[in-house]
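These notes concern the structure reproduced below.
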Amino acid sequence: MAALVDHPALQPLKQTFPEIKFGVKEFRGMVTVVVPREQIVAVCAFLRDEPSLRYDMLAELHGVDYLNYPGATHRFAVNYGLTSIANNHRLWLKVFLDPTLDTSPNHDVRDEDVLEKGDPGLKLGSVCGVWAGAEWLEREAYDMLGLIFVGHPDLRRILTWNGYGSYPLRKDYPLRGIGEREDYKIVTRDSA
């Protein structure tokens, strides 16, 4: 029989959001709560604002591609690493996403069109309004995996350029790239 997971945030979450069936896992002392993507902003705001919890710091936010991962039932996930500095507690939140469009390279839309034309299966609410530090973390997850954070104040690529054409951390992205190095214009000192 599996042991029950105990964490100070679980009961307040269940009481505040009785309509949500949270998934809860524990691995090496770290508790992860799976949250539906429609509720991620409300759950994050509650965890920050609840006086007994006070998750006042978003320590990490990153995306994961589960393509060809054994036993995976979803393609993508966004992980949120929360810290309550006052209580010295940590909690992970996870949101699963499944694309509805082709994810292979060269099916990208430009930054200015991503909210309108981007894959609806990869859209979720931005938590920048909850933790301002999420801004660059969400931009990196967008740039590298194509995860679209609706409500982000400045959603654009941060490591590659607008119109790059792909998302390099997707598992269906070729290891040798899609010709970026071969097609890259070399700028010399004289031509600059």
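Values quoted throughout were computed directly from the atomic coordinates according to the rules given, and no laboratory measurement underlies them. No experiment lies behind these values; they were computed from the predicted model shown. Here the Cβ positions follow ideal geometry from the backbone for every residue, glycine too, while neighbour counts run over all protein chains shown.
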Open item on the list: Need the full-extension length gain, ALA59 to HIS89, defined as separation in residues times 0.36 nm minus the C-alpha distance. One decimal, nm.
Closed with: 9.6 nm
- [ ] May I ask you to evaluate 6.51 cos²θ - 1.76 cosθ + 1.60, the Karplus curve with θ = phi - 60°, for each residue of the range 149-158 and list the ³J(HN,Hα) values in order in whole Hz, giving x for glycine and proline?
- [x] 9, 6, x, 5, x, 7, 6, 8, 4, 10
Task: Residues MET30, MET57 arranged by fewest to most Cβ contacts within 10 Å - done: MET30, MET57
Task: Residues LYS123 and LEU10, FRET efficiency given R0 of 35 Å [Cβ-Cβ distance, rounded to 0.05] - done: 0.80
TODO: Mind listing the long-range amide H neighbours of ILE158? Cut-off is under 5 Å, sequence gap 5 or more, other chains count too, H placed in the peptide plane at 1.01 Å from N.
DONE: ASP143
Open item on the list: For LEU61, what residues show an amide H to amide H distance below 5 Å, using hydrogens built from the backbone and excluding near sequence neighbours?
Closed with: GLY81
Task: Note, ³J(HN,Hα) from phi for the range 96-109, Karplus 6.51, -1.76, 1.60, rounded to Hz, x at Gly and Pro - done: 8, 9, 10, x, 10, 10, 4, 9, 5, x, 6, 10, 8, 10
Task: For VAL150, distant residues with modelled amide H under 5 Å away - done: LEU124, GLY125, SER126
Open item on the list: Relative contact order for the range 10-183: what percent, with Cα pairs under 8 Å and sequence separation of 6 or more?
Closed with: 19 percent
Task: Prolate/oblate/rounded label for the chain (Cα gyration tensor, a/c 1.5) - done: prolate
